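Here's the structure, in structure tokens; my notes come after.
We did not get these values from a lab; they are worked out from the coordinates using the rules stated. The structure displayed is predicted, hence computed values, not measured ones. Cβ atoms come from the backbone with ideal geometry, glycine included; neighbour counts cover every protein chain shown.
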Amino acid sequence: MLAKGNALGVREFKGQALSWQVEGGVIELALHRDPCNELGSLSLGELERFASALDELEKEAHALIVYSELKSGFCAGADLRELYEQSHAMEKLQAAQGVRDFLERIHRVLNRIDAAPLTTIAAVHGVTFGGGFELALVCDLMIADKMARFCFPELRLGLIPGFGGIPRLKRDLGNAVVRDLLLTGRSFNATKAQQIGLASQVVGEGEALRAARATAAQMGKFDRETAVAAKRFIKPIPAEELRKEIDIFCDLFSRPAVQAGLKKFVESTDAQPYLP
Amino acid sequence: METAEKTLDEILTLAAAHFKVPRASLSPDEDFFKALGIDSLQTLDLLTKLENHFRVELPDYELQGVTDFRTLAAKIQARL
């Protein structure tokens with residue numbers, strides 16, 4: 001299903017959850033769904049629309065920047081409220097199938113962006129949690145505002161990251177670091193992200209998009225065919241592990257503990273509800 | 001090495017500046033969630049500010065249940 005949006009054509013789109021435009025060979029994909037770009041069915045519909053438009057956009061662009069227009073952060077991850085309400089209202093089998101369908105769809109979109117023949121940059125600030133972190137990991141480079149904060153809090157719900165987080169983290173980092181981030185569920189800052197090799201640049205508050213634009217302009221100086229060949233060589237899609245991740249996520253999701261965890265999170269008034 | 005009192009003073013000054021409340025209105029033993037009027041996202045901002053300022057890592061789980069500035073200062077002091 002495509003979300004309602006003010007479609008202006010392939011080169012430019014203004015939706016309810018995101019917008020994009022292309023200028024000077026750079027596609028800018030802006031997230032702007034309150035409160036913090038939670039990824040639910042609305043965002044997914046518009047992301048699918050973006051993935052479809054990429055075939056045309058790629059003809060005139062060499063780079064893609066993904067960023068958030070919201071002060072709260074880049075993206076707080078999956079829309080857990082929607083997930084809870086929808087799965088709560090369904091039969092168990094129907095809910096499990098609904099989750100699998102959602103994951104299949106978002107994996108198709110993220111794999112498409114991951115493999116795009118463009119140099120892709122996530123310009124992140126503030127909350128970059130769960131599915132938001134996974135969206136940033138799809139990109140070739142991450143440029144982080146010094147107030148950016150990252151976290152994989154899924155274990156608190158009895159789940160693992162479901163939008164490709166583990167395979168993509170493993171692609172980029174050592175296994176010990178991946179275990180630390182996943183198994184503690186702790187959040188960490190941009191300095192740490194740079195130390196472990198996730199963020200390529202850390203910049204001052206409010207400077208991530210400017211730095212991403214400067215980086216994208218630099219990339220425009222290189223031969224496009226060479227840049228695409230280099231990316232294909234060094235950034236393979238971990239397809240087998242991504243499939244496995246969906247299966248593990250769906251197995252875990254069918255357990256009653258997950259519904260209880262979602263309920264607790266949705267109803268929480270705790271100042272740190274992302275913690276177990 | 002910073003003293004515990006200096007750490008506490010810097011936390012109060014930093015929190016007051018970031019959340020735009022008068023420094024004099026904050027006291028070491030009060031509940032910082034109430035004193036600063038902050039929500040969960042703003043709590044993360046405070047955590048990041050403190051980590052950047054003191055150049056330490058503060059795992060969230062070590063701060064669970066911490067609500068006053070003085071205890072927060074002790075947690076940071078232990079990592080300096």
- Task: Report the one residue of A:219, A:178, A:117 whose Cα lies farthest in the direction of the positive end of the charge dipole of chain A (charges on C-beta: Lys and Arg +1, Asp and Glu -1; origin at the Cα centre).
- Result: A:178
- Item | Where labels lie 7 Å past Cα in the beta-carbon direction, separation of residue A:90 and residue B:9 in nm | 5.9 nm
- Most exposed first by the Cβ proxy, i.e. fewest other Cβ within 10 Å, how do A:246, A:121 rank? A:246, A:121
- Zone of residue A:247's modelled label, taken as backbone nitrogen in the stretch A:167-193 under 16 Å from a point 7 Å along Cα→Cβ: A:167
- Task: Could you work out how far the C-alpha centroid of the stretch A:25-77 sits from that of the stretch A:153-194, in angstrom?
- Result: 22 Å
- Message: Exceeding 25 Å between C-alpha atoms, which entries from my cross-link table qualify? They are A:14/B:49; A:264/B:34; A:71/B:75; A:14/A:192; B:49/B:75.
- Response: A:14/B:49; A:71/B:75; A:14/A:192
- Query: For residue A:210 and residue A:21 in the same chain, what is the full-extension length gain: residue separation times 0.36 nm, less their Cα-Cα distance, in nm?
  - Reply: 66.4 nm
- Rounded, prolate or oblate: which one fits the stretch B:4-77, using the alpha carbon gyration tensor with axes a ≥ b ≥ c (rounded when a/c is under 1.5, else prolate when a/b beats b/c, else oblate)? rounded
- Message: If the only charges are +1 at each Lys and Arg Cβ and -1 at each Asp and Glu Cβ, what is the size of the charge dipole of chain B around the Cα centre, to the nearest 20 debye?
- Response: 180 debye
- Any GluC sites (Glu not before Pro) in the stretch A:7-108 that lie in a DSSP loop and have at most 11 other Cβ atoms within 10 Å would be A:91
- Task: Give, as a single signed number, the net charge of other residues whose beta carbon lies under 10 Å from the beta carbon of residue A:70, with Lys and Arg counted +1 and Asp and Glu -1.
- Result: 0
- Item | Spin-label zone in the stretch A:108-131 - amide nitrogen under 14 Å from a point set 7 Å from the Cα of residue A:235 along the C-beta vector | A:110-123
- Principal axis dimensions, the protein assembly as shown - Cα atoms, whole angstrom, descending: 60, 53, 41
- Message: Tell me the net charge near residue A:47. Cut-off is 14 Å between Cβ atoms, residue A:47 excluded, with +1 for each Lys or Arg and -1 for each Asp or Glu.
- Response: -2
